[in-house]
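Reviewing the structure listed below.
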Amino acid sequence: MKIIVLLKRVPDTEAKILINQEGDGIREDGVKFIINTYDEYGIEEGLRLKEKLGGDSKVTVVCAGPEESTEVIRTALAMGADDAVHICDPALTKPNPFTIAEVLAKAISEEGFDIIFCGKQGIDDDMAQTQSILAEKLDIPQVNNATVFELADDLSKVLLNRRIEGGDEKVETSLPVIISCEKGLNDPRYASLPGIMKAKKKEIRGKNLADLGFNEVPSSGKSRILKWLPMPKGGECKMVEAEETVDTVKELARLLREEAKVV
Amino acid sequence: MGKDVLVFGEIRNGELKKVVKELVAAAAIITGETGGAIDAVLVGAGAEKEAPGISGFGLRKIAVVDDDAVTDYSSEGYAAVLASLVGEEGYGYVLMGATSMGRDLGPRAAAKVDGVMFSDCVEVRIDGGALVARRPVYSGKLFVELTPEGDGPVFISIRPNNIAPAGESGGSSEIAARPSGVDRAAIRAIVSEIVPLAGGRPDVTEADVIVSGGRAMKEEANFRMLEKLADLFGGAVGASRAAVDAGYAEQPIQVGQTGKVVNPKLYIACGISGAIQHLAGMRTSKVIVAINKDASAPIFEKAHYGIVGDLFEIVPILTEEIEKMLQ
Ligand SMILES: Cc1cc2nc3c(=O)[nH]c(=O)nc-3n(C[C@H](O)[C@H](O)[C@H](O)COP(=O)(O)OP(=O)(O)OC[C@H]3O[C@@H](n4cnc5c(N)ncnc54)[C@H](O)[C@@H]3O)c2cc1C
């Protein structure tokens, strides 16, 4: 089985995110970058599937992103992925999900695929679009926010749970399919030391737009960011205090009713 | 590009979602400037029953689509319905809730019609004739404002609880059934069953009030205390990741970057330090109350009201006080 795992390089969750001087993006200096948190569940699920199936199953990581993405690709290879495709082109500095989906669709089609895993969203732009657009472009079904994944023994179908408000949807689908992973699907493994050594020898195939047959940046879904804005500071916290706890809490209840008007 | 707006009237468990009236209000912000009309489409089981409930909310017409192929949700089937409506009627904008359904469906439908998608928006407006949508990025650490550049239809998903819902405006809307035009056999991924969360409590993404507990809750049984307070409001109980990891609460109620993003009117954080990943999930709450033993806990930097003290002492008193108020 040909398993594709999508990967994105994003700022660490702890990173302080500030608008850059030009006001058209974030300041990257001093920011640590990591594998998109949700993609780790995708890598893990891909590796588990390969381990279960054995034989000539293969996990290929596909990442579109700047040169520095090699680092997160190596981490995925160290976790156990077999090889990788790295789509990197100076023209792709500020891509929208439609452009990325189009580029990924081309690269993935060239690789061949039975199943694609990815994270439920990038923790940078938080759009959760690429996987569904990619599904449409590849004309395959999508299952987003998967918390349970099971492949039937005869490989004919996939059974999944996907997280929704107040519960889970059970979905059954055929292959090929793209699955975006939600927390809870699995516990991602760490890269082992032998894994890290082996990863150095694994192949990362670099591709630019021309390699993928594009003369220009594919750009359906055109849009433009007009402005970056800081998060509003939020009001000062009103600390409620009194001699006795009971009075403090009474005062809080009163404020919630009379001032905040939420009771 | 058309100037009419289509509102996706999401139906869950046979009922129209609360967010739909908020979408109608957002649509009116757009048509107020562009002069377009607002229509809605309701898809799936319950569509026919629910359509009259939004008739006369400023909608011109409501399409009701409920046949075998769309009774159960599928992104493929529902995206095809939206795409055919957009194709026939030339809508310039399609609005949906930033719910699990809206977020699943929107990008696929947008891709079908060469549109663009702005997800999880908290504000829309027309500025100099162009649509501008504001959305949080980097887990709410920043906002961006986006505008479409092509001439394809613009799909927008809007976070629930952000825009005051539309009220009745008199008159009524034309309600007409419409076939889905979808072949059920051609749909590859279809929902077969919905398994509700254990406990049957309101979902954190939908509740107006959330009482959340952190590591300080010490054990699962102590969450009953939070439930009691939440129940007074018909609210939900949430948890920090530390509480989930420790086994005090279930993952589906985790609030934060790797949990749910919530936006209630009132968020009461009990024994939660306010780590950046937790704030990522709840910082847009309208009123945040923090109860924490540690006066220097970062949660107080984001809270509107704070009490420094022991939650095990404070929460029961607060419950009692609020109960009295509501009597
Ligand atoms: C990639 C990643 C993703 C993450 N995603 C999330 C997420 O989605 N959601 C999330 O919440 N976290 C997330 N975290 C974890 C986050 O960093 C924090 O570890 C977590 O939020 C801490 O939970 P807490 O506030 O309950 O616990 P703590 O930080 O341990 O805080 C407990 C607080 O309780 C107070 N306290 C103790 N006893 C009492 C008492 N009796 N009365 C009152 N106050 C008391 C303490 O003063 C303290 O402030 C993530 C972390 C990473 C690295």
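Inside the stretch B:29-54, can you point out the residues that are within 27 Å of B:Glu123 (Cβ to Cβ) and in contact with a Ser or Thr (Cβ under 6 Å, 6 or more places away or on another chain)?
B:Ile38
Of the conditions (1) more than 11 Å from the ligand (Cβ to nearest atom); (2) farther than 22 Å from A:Cys237 by Cβ, B:Val289 satisfies every one except a single condition; which number is it?
Of the numbered conditions (1) more than 11 Å from the ligand (Cβ to nearest atom); (2) farther than 22 Å from A:Cys237 by Cβ, the odd one out for B:Val289 is (2).
Looking for something under 10 Å from the mean Cα position of the chain (by Cα) and at the interface with chain B (Cβ under 8 Å from one of its Cβ atoms) - is there at least one such residue anywhere in the stretch A:97-107? Step through it out loud before you land on a result.
Of the stretch A:97-107, the ones under 10 Å from the mean Cα position of the chain (by Cα) are none.
There is no residue in the stretch A:97-107 that is under 10 Å from the mean Cα position of the chain (by Cα) and at the interface with chain B (Cβ under 8 Å from one of its Cβ atoms).
Take the residues in the stretch A:1-26 that are among the acidic types (Asp, Glu) and more than 16 Å from the ligand (Cβ to nearest atom); name whichever of them is surrounded by the fewest Cβ atoms within 10 Å (Cβ to Cβ).
Just the residues of the stretch A:1-26 that are among the acidic types (Asp, Glu), to begin with: A:12, A:14, A:22, A:24.
Add one more test, that the residue is more than 16 Å from the ligand (Cβ to nearest atom), and what stays is A:22, A:24.
Working: A:Glu22: 7, A:Asp24: 12.
That would be A:Glu22.
State the number of residues belonging to the stretch B:278-301 that are within 30 Å of the chain's Cα centre (by Cα) and open to solvent by 50 Å² or more (accessible area, probe 1.4 Å).
To start, the set of residues in the stretch B:278-301 that are within 30 Å of the chain's Cα centre (by Cα) comprises B:278-292, B:297-301.
If we keep only those that are open to solvent by 50 Å² or more (accessible area, probe 1.4 Å) too, we end up with B:286, B:298, B:301.
Counting residues in the stretch B:278-301 that are within 30 Å of the chain's Cα centre (by Cα) and open to solvent by 50 Å² or more (accessible area, probe 1.4 Å) gives 3.
Out of the residues in the stretch B:206-216 meeting the condition of being more than 14 Å from the ligand (Cβ to nearest atom) and open to solvent by less than 50 Å² (accessible area, probe 1.4 Å), tell me which one is modelled with the lowest pLDDT.
Initial filter on the stretch B:206-216 (more than 14 Å from the ligand (Cβ to nearest atom)): B:206-209.
Narrowing the set further to residues that are open to solvent by less than 50 Å² (accessible area, probe 1.4 Å) leaves B:207, B:209.
Details: B:Ala207: 92, B:Val209: 97.
Step by step, filter the stretch B:206-216, then rank; the result is B:Ala207.
Is there any pair with a first residue in the stretch A:72-84 that is in contact (Cβ under 8 Å) with a residue 12 or more places away in the chain and at positive phi and a second that is open to solvent by 10 Å² or more (accessible area, probe 1.4 Å) and among the charged types (D, E, K, R) whose Cβ atoms are under 9 Å apart and which are 6 or more apart or on different chains, and what are they?
A:Gly80/A:Lys50; A:Gly80/A:Glu51; A:Gly80/A:Arg189; A:Gly80/A:Lys198
Would you say B:Asp151 is within 13 Å of chain A (Cβ to nearest Cβ) and open to solvent by 80 Å² or more (accessible area, probe 1.4 Å)?
yes
Out of B:Glu313, B:Glu219, B:Glu227, which single residue is out of contact with any Phe, Trp or Tyr (no Cβ under 8 Å at 6 or more places or on another chain), more than 11 Å from the ligand (Cβ to nearest atom) and of a type in the set (Asp, Glu)? Walk me through it before giving the result.
Working: B:Glu313 fails: more than 11 Å from the ligand (Cβ to nearest atom); B:Glu219 fails: out of contact with any Phe, Trp or Tyr (no Cβ under 8 Å at 6 or more places or on another chain).
That would be B:Glu227, the only listed residue that is out of contact with any Phe, Trp or Tyr (no Cβ under 8 Å at 6 or more places or on another chain), more than 11 Å from the ligand (Cβ to nearest atom) and of a type in the set (Asp, Glu).
Starting from residues that are touching a Ser or Thr at 6+ places or on another chain (Cβ under 6 Å) and free of Cβ contacts under 8 Å to residues at least 24 places away in the same chain, keep the ones in the stretch B:101-148 and report whichever is farthest from the other protein chains (Cβ to nearest Cβ).
Here the residue is B:Ala130.
Taking B:Arg184, is it modelled with pLDDT of 95 or more and surrounded by fewer than 23 Cβ atoms within 10 Å (Cβ to Cβ)? Can you show your working first?
Values: modelled with pLDDT of 95 or more: yes; surrounded by fewer than 23 Cβ atoms within 10 Å (Cβ to Cβ): yes.
For B:Arg184, the condition - modelled with pLDDT of 95 or more and surrounded by fewer than 23 Cβ atoms within 10 Å (Cβ to Cβ) - is met.
Condition first: touching a residue at least 24 places away in the same chain (Cβ under 8 Å) and within 7 Å of chain A (Cβ to nearest Cβ). Now tell me which residues in the stretch B:315-325 satisfy that.
Applying the first criterion (touching a residue at least 24 places away in the same chain (Cβ under 8 Å)) to the stretch B:315-325 yields B:315-316, B:318-319, B:322-323.
Once the filter is applied, which keeps residues that are touching a residue at least 24 places away in the same chain (Cβ under 8 Å) and within 7 Å of chain A (Cβ to nearest Cβ), the stretch B:315-325 yields B:Leu318, B:Ile322.
Could you check, for the stretch A:215-226, whether at least one of its residues is open to solvent by 40 Å² or more (accessible area, probe 1.4 Å), within 29 Å of the chain's Cα centre (by Cα) and over 30 Å from B:Leu142 (Cα atoms)?
Within the stretch A:215-226 (the criterion being open to solvent by 40 Å² or more (accessible area, probe 1.4 Å), within 29 Å of the chain's Cα centre (by Cα) and over 30 Å from B:Leu142 (Cα atoms)), the answer is yes, since at least one residue qualifies.
Mind listing whichever residues of the stretch B:256-273 are open to solvent by less than 10 Å² (accessible area, probe 1.4 Å), within 18 Å of B:Glu219 (Cα to Cα) and near the ligand (Cβ under 6 Å from one of its atoms)?
B:Ile272
Considering only helices (runs of 4 or more DSSP H) fully contained in the stretch B:1-102, which possess at least 3 residues that are in contact with a Leu (Cβ under 7 Å, 6 or more places away or on another chain)?
On the way: elements: B:19-34, B:47-50, B:75-89.
Of the helices (runs of 4 or more DSSP H) lying wholly inside the stretch B:1-102, those with at least 3 residues that are in contact with a Leu (Cβ under 7 Å, 6 or more places away or on another chain) span B:19-34, B:75-89.
Looking only at the stretch A:176-235, count every residue that is of a type in the set (A, V, I, L, M, F, W, C), within 14 Å of another protein chain (Cβ to nearest Cβ) and in contact with a helix residue (DSSP H, G or I) (Cβ under 9 Å, 6 or more places away or on another chain) and tell me the total. Can you show your working first?
Looking only at the stretch A:176-235, we keep the residues that are of a type in the set (A, V, I, L, M, F, W, C), and these are A:177-179, A:181, A:185, A:191, A:193, A:196-197, A:199, A:204, A:209-210, A:212, A:214, A:217, A:225-226, A:228-229, A:231.
Next cut, within 14 Å of another protein chain (Cβ to nearest Cβ) only: A:177-179, A:181, A:185, A:217, A:225-226, A:228-229, A:231.
From the residues that got through so far, the ones that are in contact with a helix residue (DSSP H, G or I) (Cβ under 9 Å, 6 or more places away or on another chain) too are A:177-179, A:181, A:185, A:217.
Of the residues in the stretch A:176-235, 6 are of a type in the set (A, V, I, L, M, F, W, C), within 14 Å of another protein chain (Cβ to nearest Cβ) and in contact with a helix residue (DSSP H, G or I) (Cβ under 9 Å, 6 or more places away or on another chain).
Within the stretch B:234-251, which residues are within 11 Å of chain A (Cβ to nearest Cβ), open to solvent by less than 50 Å² (accessible area, probe 1.4 Å) and either touching a Ser or Thr at 6+ places or on another chain (Cβ under 9 Å) or over 18 Å from A:Thr147 (Cα atoms) (or both)?
Answer for the stretch B:234-251, where residues must be within 11 Å of chain A (Cβ to nearest Cβ), open to solvent by less than 50 Å² (accessible area, probe 1.4 Å) and either touching a Ser or Thr at 6+ places or on another chain (Cβ under 9 Å) or over 18 Å from A:Thr147 (Cα atoms) (or both): B:Gly235, B:Ala236, B:Gln251.
Looking only at the stretch A:1-29, how many residues end up being under 30 Å from B:Arg241 (Cα atoms), over 18 Å from the mean Cα position of the chain (by Cα) and away from chain B (no Cβ under 14 Å)?
Looking only at that region, the number is 1.
Out of the stretch B:187-205, which residues are within 7 Å of another protein chain (Cβ to nearest Cβ), open to solvent by 60 Å² or more (accessible area, probe 1.4 Å) and more than 18 Å from the chain's Cα centre (by Cα)?
B:Arg188, B:Ser192, B:Glu193, B:Ile194
The values are calculated or read from the model by the stated rules, or taken from the named source; none is laboratory data. Please read all numbers here as calculations on a predicted model, not as lab measurements. Quick reminder, even Gly has a Cβ in these numbers, built from the backbone with ideal geometry, and neighbours come from all protein chains shown. Heads up: the accessible areas ignore ligands, DNA and RNA and are worked out on the full protein's heavy atoms, side chains in. Shrake-Rupley method; radii C 1.70, N 1.55, O 1.52, S 1.80 Å.
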